[in-house]
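Inspection log for the structure reproduced underneath, given as structure tokens.
The values are calculated or read from the model by the stated rules, or taken from the named source; none is laboratory data. Note that the structure is predicted; figures quoted are calculated from it, not measured. Don't worry about glycine lacking a Cβ; one is built from the backbone with ideal geometry, like all the others, and counts go over all protein chains shown. In case anyone asks, the SASA skips ligands and DNA or RNA and just uses the protein heavy atoms, side chains included. Shrake-Rupley method; radii C 1.70, N 1.55, O 1.52, S 1.80 Å.
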Amino acid sequence: MKTLSILVSLIIVGSGSLAFSKSASYCDDITRLDQLPRLNSEQFKNFFIDGTKVDRIVISKDRKKLYALRSDVVLKSYDVAFGGAPFGHKQFEGDNKTPEGTYLIDSKNPESLYYRGLHINYPNKADRAYAKSKGRSAGGDIMIHGFPNDPTKNALVTAVHPFYNWTQGCIAMTNLEIEQLYMMTGKGTTVEICKMSAPPQYPTPPPETPLPPDEVEH
């Protein structure tokens with residue numbers, strides 16, 4: 001923690017940036033992320049060794065990016081893939097959508113069918129109520145995870161990630177990237193998933209061989 005506090009102080013002083021309030025959502029104006037101080041590769045390495053946890057994860061569907069933050073400093077950003085129908089908030093089981101809104105990491109799974117998993121607490125009360133009102137299931141088991149552990153499926157995903165949205169609703173990263181994020185993230189971490197502003201105009205065509213589904217209901 002001491003290492004990060006020193007880094008944050010130095011970066012903010014050097015850049016003249018002011019941290020944003022934690023009560024506001026970065027999804028309200030994603031460009032605010034661009035004004036935040038960022039760690040360079042050497043600073044990130046020192047932070048990672050120090051073992052301090054991130055306190056917020058911001059995911060932009062428009063940018064296909066995941067940002068790991070601590071004290072309103074961008075520690076690291078990653079390219080990610082979403083569900084096969086990325087536009088719009090997840091509402092029902094099997095809709096291939098990734099949730100939108102503010103959630104929490106409620107558990108960590110080191111031994112799923114995919115390499116590492118940070119479980120997001122979708123569906124929340126409002127999600128369940130809406131699905132029930134339509135006589136449907138809201139689905140679930142939404143995670144930030146890595147590639148399939150099965151070698152054949154892993155090879156298929158490696159060929160298309162992150163350009164093709166290959167999950168059934170989860171947020172996918174490479175194994176090296178999820179390893180970093182997994183170690184930096186604790187239960188209770190806030191996750192903001194920002195909505196896609198418009199449907200993709202030129203969706204990437206699916207590969208010739210179907211990609212593996214995520215592990216359960218979604």
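Residues in the stretch 146-164 that are in a loop (DSSP other than H, G, I, E, B) and either open to solvent by 40 Å² or more (accessible area, probe 1.4 Å) or over 20 Å from HIS119 (Cβ atoms) (or both): ASN149, ASP150, HIS161, PRO162, PHE163, TYR164. Condition check for TYR122 on (1) in contact (Cβ under 8 Å) with a residue 60 or more places away in the chain; (2) touching a Gly at 6+ places or on another chain (Cβ under 8 Å); (3) surrounded by 22 or more Cβ atoms within 10 Å (Cβ to Cβ): one failure, at (1). Scanning the stretch 182-197 for residues that are in contact with an Asp or Glu (Cβ under 7 Å, 6 or more places away or on another chain) and assigned to a loop (DSSP other than H, G, I, E, B), we see that the one that is modelled with the lowest pLDDT is SER197. Within the stretch 125-144, the set of residues being modelled with pLDDT of 95 or more, open to solvent by less than 50 Å² (accessible area, probe 1.4 Å) and either within 14 Å of CYS170 (Cβ to Cβ) or of a type in the set (A, V, I, L, M) (or both) comprises ALA131, ILE142, MET143, ILE144. Scanning the stretch 75-99 for residues that are surrounded by fewer than 19 Cβ atoms within 10 Å (Cβ to Cβ) and under 15 Å from the mean Cα position of the chain (by Cα) turns up SER77, ASP79, HIS89.
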